Every structure is written in C-alpha cells, then in structure tokens.
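Peer 1: First the structure, then my questions, so here it is.
The values are calculated or read from the model by the stated rules, or taken from the named source; none is laboratory data. Note that this is a predicted model, so its numbers are computed, not measured. So basically every Cβ, Gly included, is an ideal-geometry build from the backbone, and we count neighbours across all protein chains shown. Please note that ligands, DNA and RNA were not included when accessible areas were found on the heavy atoms of the full protein model with its side chains. Shrake-Rupley method; radii C 1.70, N 1.55, O 1.52, S 1.80 Å.
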Amino acid sequence: MISGMALACGALAPVSYLAAPFDWRAAVTPPPAPGSTAAAADRAAYLAAAPDSPGWRAAQTQLRLLTPEMNAQFSCAAGRRLSPETTPRTLAMLVKLTAETELSEAAKTQFKRDRPFVGEAKPVTCDPRVGGATPSFSYPSGHAMYGALAGRALAAAVPERAAALLALGAGIGTNRVACRVHYPSDIAAGQRLGDAVYDAVAATPGFKADLAAARAEIAAAPQATGCPAA
C-alpha cells in the first residue's frame, strides 16, 4: 500500500535512483509454505496481535509515511528538525526512495499471498485502507521495505544517531504486524528487499549527491523539539 504515497502528500511523483531494473527475485524468496512450521508461527503472531497495543498505536501514526507526523518521528530519531523549511533536500531524498518500493508491489503480485485477515467476516486492523474493495497482497511488506530504505539513508546522513534511526525504520515494518495487516515473514522479506535495494541505490551518483546534501542540511537544522522522553 505504498503506491501514490508521495502524491498524496502533495509531492511530485518520485523517480527511481536506479537506472537499470532491479531483480527483486535475488532478495525475496517465496513465503512460507502452507502447513509449514514458519506458516504456523506467522499465524500465531497474527492471532496474538491485540488491538490498541503500543505497536498498533504506533502503526496508526505510520499509515502514510510522507507526512508531517512521520517527519516528526524521523526528527526525534535524528535529533534535528526535518521539515520542508529546514531540510528540503533530505525530504526529497525520502520521497525519491518511495519509488523503489514499487518492487515490493511487483513481488506481491507474483506471490499473491493473502493478508492475514482474509476470510474473516469482520477484520480488525488499524489500517482502514487495507482490506477494502480493492484486494491487496501481503508478501513482502512495502512499509517494511521503505522503513529499511529510509532508516539506512538517514543513518548514513546522521551516523551519530544511526541506532535510533535504524530502530525507527525497522519499527515501521514490525508495527504492521501489530496492526494486523501483515505476518512477521512479510516484514522480514520487505526488510531484506529494502536492504538489497539500498545497497544498489547507495552506489548511484544521484543518491550520493542527495546524501551529501542531506548531511549538510541536517547538521545545520535546529534541534528537534517535542520528542518523547528517552
């Protein structure tokens, strides 16, 4: 459910950093087979996910990722205020990374793994956009892929805050399990795909230029405010 995210936030449609097509099949193996131990563990995790848990509430703030609310979360992790006024090139880099998540959509179409709640009369999830009239698939998670991309990019821009930024990026994925729209293996696959694509993106001249600009912007940005106590 990543497609159109940048446009929904008033940004230009993102363009990939990668000049050549990326073969996602090298990073994403098929999902657990029905009846396997891994599939049973996935199902148990879904059934254990409770509405209004801390992860559920966090996921509700991350349904759309290119928003002022999400910028505030990245700001607190980075220790600097990330905004269109203070860090425009940094936010443009994050917008551009959303183009890469189309690879997760291609993989979902290939595997066609149902969302965990499919078959339930009244699914309970924290994301009202998932499970409507238009079907969507579960494996791999686009949110997890984007979290890996954004977390690693910002960690490279602010290495002294890498642990917090990587944790936030990972949480964007794992919170989708608490939201009851993904299995844990969906998240793991999305994170693997994000890591593989980031390694390719990081070698491109366009990303290198944007990362250098982001480092300078963030270093000059004011301290983040309104953050939860550590």
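Peer 1: Going residue by residue through region 84-99, is there one that turns out to be open to solvent by less than 30 Å² (accessible area, probe 1.4 Å) and farther than 21 Å from G171 by Cα?
Peer 2: Within region 84-99 (the criterion being open to solvent by less than 30 Å² (accessible area, probe 1.4 Å) and farther than 21 Å from G171 by Cα), the answer is yes, since at least one residue qualifies.
Peer 1: On to the next question. Kindly list the number of the only condition in (1) acidic (D, E); (2) open to solvent by 60 Å² or more (accessible area, probe 1.4 Å); (3) touching a residue at least 24 places away in the same chain (Cβ under 8 Å) that fails for E120.
Peer 2: Answer for E120: the failing condition is (3).
Peer 1: Let me ask something else. Examine region 6-19 for a residue that is surrounded by 20 or more Cβ atoms within 10 Å (Cβ to Cβ), of a type in the set (A, V, I, L, M, F, W, C), modelled with pLDDT under 95 and in a helix (DSSP H, G or I), and state whether such a residue exists.
Peer 2: Yes: region 6-19 contains one or more residues that are surrounded by 20 or more Cβ atoms within 10 Å (Cβ to Cβ), of a type in the set (A, V, I, L, M, F, W, C), modelled with pLDDT under 95 and in a helix (DSSP H, G or I).
Peer 1: Would you check if there is a residue in region 32-42 being open to solvent by 30 Å² or more (accessible area, probe 1.4 Å), in contact (Cβ under 8 Å) with a residue 12 or more places away in the chain and part of a helix (DSSP H, G or I)?
Peer 2: Scanning region 32-42 turns up at least one residue that is open to solvent by 30 Å² or more (accessible area, probe 1.4 Å), in contact (Cβ under 8 Å) with a residue 12 or more places away in the chain and part of a helix (DSSP H, G or I).
Peer 1: If you don't mind, there's one more thing I want to ask. Would you confirm, using the coordinates I've provided, whether A148 is under 30 Å from L211 (Cβ atoms) and open to solvent by 40 Å² or more (accessible area, probe 1.4 Å)?
Peer 2: Answer is no for this residue.
Peer 1: Does region 74-83 include one or more residues that are surrounded by fewer than 21 Cβ atoms within 10 Å (Cβ to Cβ), in contact with a Leu (Cβ under 8 Å, 6 or more places away or on another chain), closer than 20 Å to D210 by Cα and of a type outside the set (G, A, S)?
Peer 2: So far as region 74-83 goes, no, none of its residues is surrounded by fewer than 21 Cβ atoms within 10 Å (Cβ to Cβ), in contact with a Leu (Cβ under 8 Å, 6 or more places away or on another chain), closer than 20 Å to D210 by Cα and of a type outside the set (G, A, S).
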